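Asks: Below is one structure. I have some questions about it.
The values are calculated or read from the model by the stated rules, or taken from the named source; none is laboratory data. Quick caveat: nothing in here was measured; it's all calculated off a predicted structure. Glycine gets a Cβ as well: all are built from the backbone with ideal geometry, and neighbour counts include every protein chain shown.
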Amino acid sequence: MPPPHNDENNVLGVGGRLAAAPSSELTSTAFARELTDQLPLFEGISFADLAHTLMLIESGVIPQAAGGELLTALLALHKHPPDFFPDPALGDLYTNREAYLTAHTASAGWLGAGRARREATTIGYRIAVRAHLLEFASALIEAGNALIERADEYRDALMADYTYLQPAQPTTFGHYLLTFAYPLLRDLDRLQSLYHRNNASPAGCGSVNGSRLNQDRVHLAELLGFEKIVEHARDAMWQADAPIETMALLVAALVNLDRLAEDLQIFSTAEFDLIELDDAHSRASVIMPQKKNPYALTYIRGVANEMIGAQTSAAAFGRTPSGQVDNRVFIYGSVPRAIASATGAANLMASVLRGMRFNAALAETRLANGFSTATDLAEIIMLETGLDFRASHRIVGRMVREAVAAKRTWRELTNTDLDAASQQIIHRPLELSQETFLRALDPALAVAARQGVGGAAAEPFTNMLAECRAQLETHAVWREREVARVAAAEEALLARASGDSQIK
């Protein structure tokens, strides 16, 4: 028969070091917040309890019969039984689980041997972060694939690139989109590196300086699907840099997505009219019938802002004495939530990219009528006439200034206008042929001339596209392999615990 439920016996420390149950004020604030934040760690803590119990049975600490009973109860609890009602009055998730086990088996008392509660919650946190990082990797890969798909589609769609929100030089919309693929690939590199550091086991480290119990830490790591152990027992319990690094990754990735979202929101204005978001990614105004608000982009920008604040919080929580719990209590909830929010934003960006429409005809018309090939003209003057670049730059700049003042477009200018500007700057005509002048002004020829590595011309663009595809595929293969490896380890742990639970 399980022992009778007793509130005093089920509140950790009460009846031992503590003579009274927690106050209602402590329960409704600190305990309630802590429990809420830890609920998503349930499965990870459950795996930690199962692996710990198996190890103690193997080492002879827990008698086999008691160990079998405890494993049976743990496996039942692992399935989220309907009679498990976490209650802040019982403390955090660890003590709620312990209270449940105490009410269901006389062997529950063995579970706490050789470890602090923070070992179980730290394992649960690392397992949760591990799963969230793999989901975030999937979302970034999806966003990368969407970028590459649309970049390939618009590889020949001419447009003016923009700096300071002013037309700069001719490019293609495809080359512009590929701008954001490379930082995304760096984000995935950073994610893999962070993942391997996070996927290290603190199991079996005791409280601060190891355990006198015979615990095989390497085997515990294997049972839990970790790649390695955190070597130093105290460091395993009190790392502050890990959540800061995790948040730094999220900030870097979301700032990259934000920069694209900022551009697309500007491009989607009536004034630019280069982009139209799909209706599925927009929101109507409740007062102005004509409005089609790019709400998905606004949300992505908001998540980026939120990540910057969350990173600051993670750093602040870590700035404590080295054995202080402040840097753990809040990040158990805030970091997994932040990764989930970032994952949602990346998935949303992938969907936005696949649904948006680019106004290629308008972009090309504006490019042809604008002055974006002015640099090309200056460089051709330098190459054809031997005039230095700065003098060539001044001549073209003078011609543009006078054309703007006269409200003339780029297409309306001739080599005569160029000679007139040259007379004002160097007091002689350049005598560039009209054919050479017009070729210098052709946006398509300007793009085709960008043949160097990273340029917008067809060959370097195709090479970059292939490189991005290959790197994304490499990241996708890694992620799939890691998901399978972790799932296999968790299934094996459950099977092992189920088998040992039959021992009486």
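Asks: Determine whether GLY370 is farther than 30 Å from TYR299 by Cβ, within 39 Å of the chain's Cα centre (by Cα) and touching a residue at least 40 places away in the same chain (Cβ under 8 Å).
Replies: For GLY370, the condition - farther than 30 Å from TYR299 by Cβ, within 39 Å of the chain's Cα centre (by Cα) and touching a residue at least 40 places away in the same chain (Cβ under 8 Å) - is met.
Asks: Which condition from (1) more than 24 Å from ILE148 (Cβ to Cβ); (2) not assigned by TED's automatic domain parsing to the domain that holds GLN239 is the one that LEU367 breaks?
Replies: (1)
Asks: Tell me which of these GLU149 doesn't satisfy, since it passes every other one: (1) surrounded by fewer than 24 Cβ atoms within 10 Å (Cβ to Cβ); (2) outside any helix (DSSP H, G or I).
Replies: Unmet condition: (2).
Asks: Quick one: LEU191 ticks every box in (1) out of contact with any helix residue (DSSP H, G or I) (no Cβ under 6 Å at 6 or more places or on another chain); (2) part of a helix (DSSP H, G or I) except a single one, so which number is it?
Replies: (1)
Asks: Could you say which residue among ALA466, ALA476, ALA484, ALA495 is assigned to a helix (DSSP H, G or I), assigned by TED's automatic domain parsing to the domain that holds PHE136 and surrounded by fewer than 11 Cβ atoms within 10 Å (Cβ to Cβ)?
Replies: ALA484
Asks: Does THR375 fit the bill of being of a type outside the set (Asp, Glu), part of a helix (DSSP H, G or I) and surrounded by fewer than 14 Cβ atoms within 10 Å (Cβ to Cβ)?
Replies: So THR375 does not fit the description; no.
Asks: Out of all the residues in the stretch 239-254, is one or more part of a loop (DSSP other than H, G, I, E, B), out of contact with any Cys (no Cβ under 7 Å at 6 or more places or on another chain), among the small types (Gly, Ala, Ser) and in contact (Cβ under 8 Å) with a residue 60 or more places away in the chain?
Replies: Looking through the stretch 239-254, at least one residue is part of a loop (DSSP other than H, G, I, E, B), out of contact with any Cys (no Cβ under 7 Å at 6 or more places or on another chain), among the small types (Gly, Ala, Ser) and in contact (Cβ under 8 Å) with a residue 60 or more places away in the chain.
Asks: Taking the stretch 261-313, which residues are crowded, with 19+ Cβ neighbours inside 10 Å and out of contact with any helix residue (DSSP H, G or I) (no Cβ under 8 Å at 6 or more places or on another chain)?
Replies: ASP263, PHE267
Asks: If the requirement is being in contact with a helix residue (DSSP H, G or I) (Cβ under 7 Å, 6 or more places away or on another chain) and either in a loop (DSSP other than H, G, I, E, B) or not assigned by TED's automatic domain parsing to the domain that holds ALA106 (or both), which of these qualifies: ILE57, ILE62? Spell out the reasoning first.
Replies: Numbers: ILE57 fails: either in a loop (DSSP other than H, G, I, E, B) or not assigned by TED's automatic domain parsing to the domain that holds ALA106 (or both).
Answer to the check: ILE62.
Asks: Of all the residues that make up the stretch 407-430, how many are touching a residue at least 40 places away in the same chain (Cβ under 8 Å), charged (D, E, K, R) and under 14 Å from VAL396 (Cα atoms)?
Replies: Going through the stretch 407-430 one residue at a time, the tally reaches 0.
Here is a yes/no grid of residues against (1) in a loop (DSSP other than H, G, I, E, B); (2) within 30 Å of ARG357 (Cβ to Cβ); (3) at pLDDT 95 or above; (4) not acidic (Asp, Glu):
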{"residue": "PRO289", "(1), (2), (3), (4)": "yes, yes, no, yes"}
{"residue": "ALA296", "(1), (2), (3), (4)": "no, yes, yes, yes"}
{"residue": "TYR299", "(1), (2), (3), (4)": "no, yes, yes, yes"}
{"residue": "ALA304", "(1), (2), (3), (4)": "no, yes, yes, yes"}
{"residue": "ILE308", "(1), (2), (3), (4)": "no, no, yes, yes"}
{"residue": "ALA314", "(1), (2), (3), (4)": "no, no, no, yes"}
{"residue": "PHE317", "(1), (2), (3), (4)": "no, no, no, yes"}
{"residue": "THR320", "(1), (2), (3), (4)": "yes, no, no, yes"}
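Asks: Against the definition (over 20 Å from ASP216 (Cβ atoms), in a helix (DSSP H, G or I) and polar (S, T, N, Q)), how does THR105 come out, yes or no?
Replies: no
Asks: Related question: State whether the residues of the stretch 103-119 include one that is surrounded by 20 or more Cβ atoms within 10 Å (Cβ to Cβ), under 17 Å from SER28 (Cα atoms) and at pLDDT 95 or above.
Replies: Among the residues of the stretch 103-119, not one is surrounded by 20 or more Cβ atoms within 10 Å (Cβ to Cβ), under 17 Å from SER28 (Cα atoms) and at pLDDT 95 or above, which makes the answer no.
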